[in-house]
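For reference, the structure discussed in these notes is given below.
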């Protein structure tokens, strides 16, 4: 299985267009050793010659496709290696890119849960708008643990797990979450038996989620914030990481502590990193803490083979 990190940043990307925090200002003026990142999305295929699945369609999807020739194999006048799109949630930074895929000649194959489909048909009616262009062939992601495949992406088996997190701010159940607002995905190479657990938005690690993580060969999980009060301390928000559905990396019960409990063989990556997170600074003590813990930070363009 080949996993391409198309984008590794949280909403707004890095540097964020209107932000002058230490990270954003530093990467612009060269005083912080950090790499710019687009908004989070991955592309997964069973091998380098196969078509694959786009997990989340970020607002930066056109730039991401241009930057990764494997997604445009040029086998015909119009072509794409994207066999289908799977949405982890209905957040703006994970769904707006669907608009950019509207030039298809056939309806866009899209997998999402019922709550996400509802949100993208009402509060943020992307699916209805796309009906005026290519249209959408929406497929339901079940939450009962059953596996499914995306036709045209051979050798990949997918299974969803409902997560404790938050729906998008425009959702009517933002403050009263329902199962399916946010999911993690077990992605299995059915030929080799290797598995990735992918969860870019993760507010709590329940026993079922930890079991899925512990059984995977690699995990790629929520790297949004370093501390729970990060945005409050910087004066950028009145909400904690948990308030908006993210588990911070540091502190008791944080992501680092949970990842340290996984088997030693498990690969550990953080994705969906907010522009304020000090781990973006490659010389920061926080990045050094991750390195000592065997945790890596995703970068745009990174290729992972399982």
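A short reminder: the numbers here are calculations on the coordinates, not readings from a lab. What you see is a predicted model; the values in this text were computed from it and never measured. Virtual Cβ from ideal backbone geometry, glycine too; neighbours counted across all protein chains shown.
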Worksheet item: Label 7 Å along Cα→Cβ of residue 206; segment 238-257 residues with amide nitrogen under 20 Å?
Response: 242-248, 253-255
Item to complete: State, to one decimal in nm, how far the label point of residue 282 lies from the label point of residue 148, with both points 7 Å from Cα in the Cβ direction.
Response: 4.0 nm
Practice prompt. Multiply the residue separation of residue 74 and residue 303 by 0.36 nm, subtract the distance between their alpha-carbon atoms, and state the gained length in nm to one decimal.
Written response: 80.3 nm
Worksheet item: Using alpha-carbon positions, what is the distance between the centroids of segment 14-28 and segment 162-221, in Å?
Response: 29 Å
Worksheet, complete the sentence: Two pseudo-spin positions, 7 Å from Cα along C-beta at residue 28 and at residue 173, lie apart in nanometres by 4.0 nm
Worksheet item: Shape call for segment 114-166 from the C-alpha gyration tensor, a ≥ b ≥ c root eigenvalues: rounded (a/c under 1.5), prolate (a/b greater than b/c) or oblate?
Response: oblate
Worksheet item: Zone of residue 100 (label point 7 Å along Cα→Cβ, backbone N under 14 Å): which residues in segment 28-45?
Response: 37-43
Worksheet item: Got a sec? Which residues in segment 157-201 would a label at residue 122 touch, if it sits 7 Å along Cα→Cβ and we count backbone N under 18 Å?
Response: 166-182
Discussion item. Quick check: pseudo-label points 7 Å beyond the Cα along Cα→Cβ at residue 139 and residue 191, how many nm apart are they?
Written reply: 1.9 nm
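Give me the Kirkwood hydrodynamic radius of segment 108-263 in Å, from all C-alpha pairs, to one decimal place?
Its Kirkwood hydrodynamic radius stands at 17.0 Å.
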Worksheet item: Between segment 120-143 and segment 246-306, what is the C-alpha centre distance in whole Å?
Response: 33 Å
Discussion item. If I build a Gaussian network model for the chain, linking alpha-carbon pairs within less than 10 angstrom, which residue out of 212, 25, 248 has the largest mean-square fluctuation?
Written reply: 25
Practice prompt. Averaged over every viewing direction, what's the projected area of the C-alpha convex hull for segment 1-135? Give it in nm², one decimal, please.
Written response: 9.5 nm²
Worksheet item: Semi-axes of the equivalent ellipsoid of the chain: what are they in whole Å, largest first, if each equals the square root of 5 times a C-alpha gyration tensor eigenvalue?
Response: 28, 21, 21
Response to the item:
Note on segment 2-297: contact order normalised by length, alpha-carbon pairs under 8 Å, 6 or more apart, percent, works out to 16 percent
